[in-house]
Amino acid sequence: MGDSAAARWLADGRTTVWIVLTLSGVTIHLLLWQISEPFDLFSDFYKAYYPAAELLLEEGLSATWPLTEAAAGGFVNIPIIAWLFVPLVPLGEEGAGWAFLGVGAAATVAAWALLTRMGLPQARIGAPLLFLFLINGPLVNSLREGNTTHIILLLLIVALLLWRGGRQFAAGLVLGACAVLKLPLLLFGAYFILRRRWRIVAGGIATISAALVLSLLVYGVQGNIAWYKDSVEPFLGGVIPAFNVQSVDGFLMRLSTGASRLRDWDPLQPPDIHKVARLVLLAVLYTGAAWLLWRCTRGRSPGGTPNALTSGEVLEYALVLNLALVTSPISWTHYYLLLMMPWGLHLGGRLPLPDDRATRWLMRSSLALISLPVIMPALPQDWLGELIARTLVSAWFFGGLLMLASLARGLWHTARSARPET
């Protein structure tokens, strides 16, 4: 490249934006990597995934549940999923952890690239979206945990693209895989049943059924029942008060326990007032969402292509994801990185939200809260510490509620604009 060409390249304003945002984002990301939870690198991966896969490599189909002492109560996926990690075992424990980080980083880059391509051409969201990915606290948390949430982000985007391309059964297959890995995403099944998107429903059922059948064949009925009792059932009736449970239940439990149990991951039996408040909040959220979806259906024109994906359905897809996160019995903080998909769609002009002050305030405030670094310093043993434990510790949950309000408001306006004149 000649000097004049180099000068023109550096003078290009868009290139300058790319350089500034990328360097700033990488710098912040590296800082977050040093301070973010967890303290022990790849703790989720080393706690259950790697030791389970190691045992499977050694014992094969003769291995039974629980696969390790840590797996019971800690291996949240159906037992057959452990086989996905077996190819990493020959690399050794440390090598497997870094290799899995590489897989996760590649999936994250792919998610960013696909979201960028989905944006309107005039939006030019590549650089700002990359910056937001790099500074996202839950994303750094998921990468450090050695978790799969950032991979789920990619799968959710792929499913949306398949749906948009008319490949509904394939979209259902991918969403079924998401639900197998992250149980809160089963809510998508209820949504597509209500929407009568039967090909997507069939694809989801196919993936979930295949995982269930394989798990039954390999581990037997008793092994799968034991997994359910160890890793699912305790969290349906009990509530974890720890700081990184960001859901209706986690927030309500911290209102009771305060700062004393922010690092307690044992499920507690909630008090009666918690159960009543939970029931009321969930009823409001689910009933409100169902009513909005029904209202949008009434306002939708009966014409058009049955398999086509409308902008309103993209908005509904984002809302169902958001709703699943805030209402699940357990939503870990790193789950909130999944809300980068709605935000990326919004930034790219693909969500039909009103272009007004309320939308900008809700979406930007939500982004600020769900992007916070995942850290939990020791709180002072006084009223201030108790206040922080009962409020600021739930910042990501509050961010999810703000985004949910914006998406619900968008559905309301979409339904109003679609209603025929009378």
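Values in this text are rule-based calculations from the coordinates and carry no lab data. Predicted model only: the values in this text are computed from it and were never measured. All Cβ positions, even for glycine, are placed from backbone atoms using ideal geometry, and neighbour counts span all protein chains on display.
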Taking the reciprocal of mean 1/r across every pair of different Cα atoms in region 179-314, the Kirkwood radius in Å is 18.2
Projected onto their principal axes, the Cα atoms of region 55-199 stretch, largest extent first, over whole-Å spans of 54, 38, 22
Sorted by chain and then number, the residues having a modelled amide H within less than 5 Å of the amide H of Trp332, at least 5 places away or on another chain, are Gln246
Nearest-0.05 FRET efficiency for Lys275 and Leu120 at R0 = 45 Å, using Cβ-Cβ distance, is 0.50
Summing +1 per Lys or Arg and -1 per Asp or Glu among the other residues with Cβ less than 10 Å from Ala171's Cβ gives +4
Log10 I(q)/I(0) at q = 0.15, 0.18, 0.24 Å⁻¹ for region 221-280, from Debye over equal alpha-carbon scatterers, is -0.47, -0.62, -0.92
Using the Kirkwood radius over Cα pairs of region 233-422, the Stokes-Einstein translational diffusion coefficient at 4 °C and 1.567 mPa s, in µm²/s and rounded to a whole number, is 73
Rounded to whole angstrom, the alpha-carbon centroid of region 350-418 lies from that of region 153-230 at a distance of 28
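For a quick protection proxy, order the peptides 173-183, 102-112 by their average other-Cβ count within 10 Å, most packed first.
173-183, 102-112
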With only helices counted (DSSP H, runs n ≥ 4, each -39500 (n - 2.57)), the per-residue ellipticity at 222 nm for the chain, to the nearest 500, works out to -21000 deg cm²/dmol
Of the DSSP H helices in the chain, the ones reaching 18 Å or more along their long axis in Cα terms and averaging at least 1.6 in Kyte-Doolittle hydropathy are 149-164, 168-181
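Give the dimensionless ratio obtained when the Cα radius of gyration of the chain is divided by 2.2 N^0.38 Å.
In units of the globular-protein estimate, the chain measures up at 1.01.
Using a Förster radius of 41 Å, what is the FRET efficiency between Leu282 and Glu386 based on their Cβ-Cβ separation? Nearest 0.05, please.
E(calc), rounded to 0.05, equals 0.95.
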The size of the Cβ-based charge dipole (Lys, Arg +1; Asp, Glu -1) of the chain about the Cα centre, to the nearest 20 debye, is 2100
